[in-house]
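Below you'll find the structure, written out as structure tokens, and then a few comments.
The values are calculated or read from the model by the stated rules, or taken from the named source; none is laboratory data. Being a predicted model, the structure only gives us computed values, none of them experimental. Cβ: placed from backbone, ideal geometry, glycine included. Neighbour counts: every protein chain shown.
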Amino acid sequence: MADYKAMYQQKLGTAAEAAQLVESGWVIGSDAGSAQPDGFLMAVSARAQAGELEGVKVHTMLDSYPYPFYADESLFGKIMGVSWFSSGGARKAVNGGFGDLIPAYYRDMPKAIRANYDYDAYVVSVSPMDSHGYFSLATTSSFSEAMIDKAARIIVEVNDQQPRALCNTQIHVSQVVAIVENSHPLPVLKPPVIDDVSRRIGELIAEQIPDGACIQLGIGAIPDATGMALKTKKDLGIHTEMFTDSMVELLECGAVNNSKKQIHRGKTVTTFAFGSQRIYDFINDNPCMEILPVDYVNDPNVICQNDNMISINAALEVDLFGQVCAESVGTKHMSGTGGQVDYVRGACQSKGGKSFIAFASTAKGGTISKIKSILTPGAIVTTSKNDVDYIVTEYGMAHLRGESLGSRARQLIAIAHPDFRDELTFEAKKRGMLI
Ligand code: COA
């Protein structure tokens, strides 16, 4: 067997040394959340701050470290972040005009990467090398393979606290040009606060989920609350984009065993995992976790192959047509499209499948109705009126798919907060919707 340890030692250096490889004008690709090599990206940022680099672009998604290029406007022109999902620090830069955003369905990102981008380096945080010379891509598959295909070189940052995912992309030591070691706990997401409203919504949705169903839960308190409300179910399966804390809970309590899935039976399928240390511990060396590329996992034609596929996602506002905005408050970016539409479509194509978009009826201490006559000017439509299925608030559930405008308006007004129902009724009548 080749001496992979010697190869490793030859390529090993500090983050500052690896950052010296970067030249002005480089485009650097990295993937989501805990897959990002923070030591290396901080070292590149330091070079830009020192005036050594110009025109560097860094692609990220769900950025989880306090990168200067997303926080410090004065770095614009030297180094810039380009996000595939405007959240965290990227949100500030995108709204502030010193960071950019690439709108796309999550399932399409690998295709967009292969068609539109060439990376001077793909950079990633990996778990330690195994005896065969492989690094596991740990928590994230997502669009990493597409970035690897389009990258001139690969730089890895080895974090011995990264879990080793058995069923995920592996990178061989012979493929990489530089190795950095950086041991630290993985970033964790602030746990969502599950209040009475989220709990109520979770319970309403749980009533609609039969034993044996296959679930996807999105980002936010309500998908998490729904997860917690499913603990009494049996034989559930998971086919999801993001593997979350409530899913670990469901697996550990036995509500999920993946035994009734039509594809990947016995396995939990996801494209990335992000949340608490409990998630990372669960993934480590777990043969039942399949972390696969997003163009496969989020393809509606794959998602729908599991019967009774149920998707649960959140939103910021919905109008009386049923258009769902989950990305912006007016023109202010809050998030990306992510996989919401992929799962709305996949669930609705599945035999017995349903898709739920759920949110508290009001925002900002009850002063704003999230069900609106028309969307706030500038609001981004994430899920179209033709794709939407169920809308849920703490006041109940509206089934919109295939329903007329009149039925949609009546159902949505009935689940709006009582303080806003008269106003919504007045607006709907004015527009001739309540026939
Ligand atoms: N008008 C004004 N402000 C609003 C609002 C509205 N209609 N709705 C929400 N807000 C504010 C909230 O008050 C909150 O403000 P704060 O941060 O100052 O407290 C903020 O916007 C976030 O709202 P919240 O309801 O707490 O969001 P969340 O954490 O539950 O996330 C999404 C909701 C929609 C942003 C999130 O689900 C998302 O990113 N979705 C898109 C991608 C997706 O669905 N992917 C699916 C698979 S992972």
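Things to note:
- Number of positions in the stretch 101-119 that are of a type outside the set (A, V, I, L, M, F, W, C), over 9 Å from Gly29 (Cβ atoms) and over 21 Å from the mean Cα position of the chain (by Cα): 2
- Output for the stretch 1-37, where each listed residue is over 30 Å from the mean Cα position of the chain (by Cα), part of a helix (DSSP H, G or I) and under 13 Å from Ile154 (Cα atoms): Lys11
- Evaluation of Glu203 against the conditions (1) free of Cβ contacts under 8 Å to residues at least 40 places away in the same chain; (2) in contact with a Ser or Thr (Cβ under 7 Å, 6 or more places away or on another chain) shows that the sole unmet condition is (2).
- Residues satisfying the stated conditions in the stretch 127-145, i.e. crowded, with 23+ Cβ neighbours inside 10 Å and among the aliphatic types (A, V, I, L, M): Leu137, Ala138
- For first residues located in the stretch 262-287 and among the polar types (S, T, N, Q), partners that are surrounded by 24 or more Cβ atoms within 10 Å (Cβ to Cβ) and part of a helix (DSSP H, G or I) and lie 6+ apart or on another chain with Cβ distances below 6 Å form the pairs Thr271/Val294; Thr271/Val297.
- Verdict on Val329 being more than 11 Å from the ligand (Cβ to nearest atom), surrounded by fewer than 22 Cβ atoms within 10 Å (Cβ to Cβ) and among the aliphatic types (A, V, I, L, M): no
- Evaluation of Gly365 against (1) within 28 Å of Asp108 (Cα to Cα); (2) surrounded by fewer than 16 Cβ atoms within 10 Å (Cβ to Cβ); (3) near the ligand (Cβ under 9 Å from one of its atoms) (one fails), failing number: (1)
- Matching option when the condition is aliphatic (A, V, I, L, M), within 16 Å of the ligand (Cβ to nearest atom) and out of contact with any Leu (no Cβ under 6 Å at 6 or more places or on another chain), among Val197, Val177, Val158: Val197
- Selected residue (criterion: farthest from the chain's Cα centre (by Cα)) from residues of the stretch 376-392 that are buried (at least 19 other Cβ atoms within 10 Å of the Cβ) and of a type in the set (S, T, N, Q): Thr383
- Filter pass, Ser373 being crowded, with 24+ Cβ neighbours inside 10 Å and either among the polar types (S, T, N, Q) or modelled with pLDDT under 95 (or both): no
- Only one of Gly402, Gly336 that is near the ligand (Cβ under 9 Å from one of its atoms), in a loop (DSSP other than H, G, I, E, B) and of a type outside the set (Phe, Trp, Tyr): Gly336
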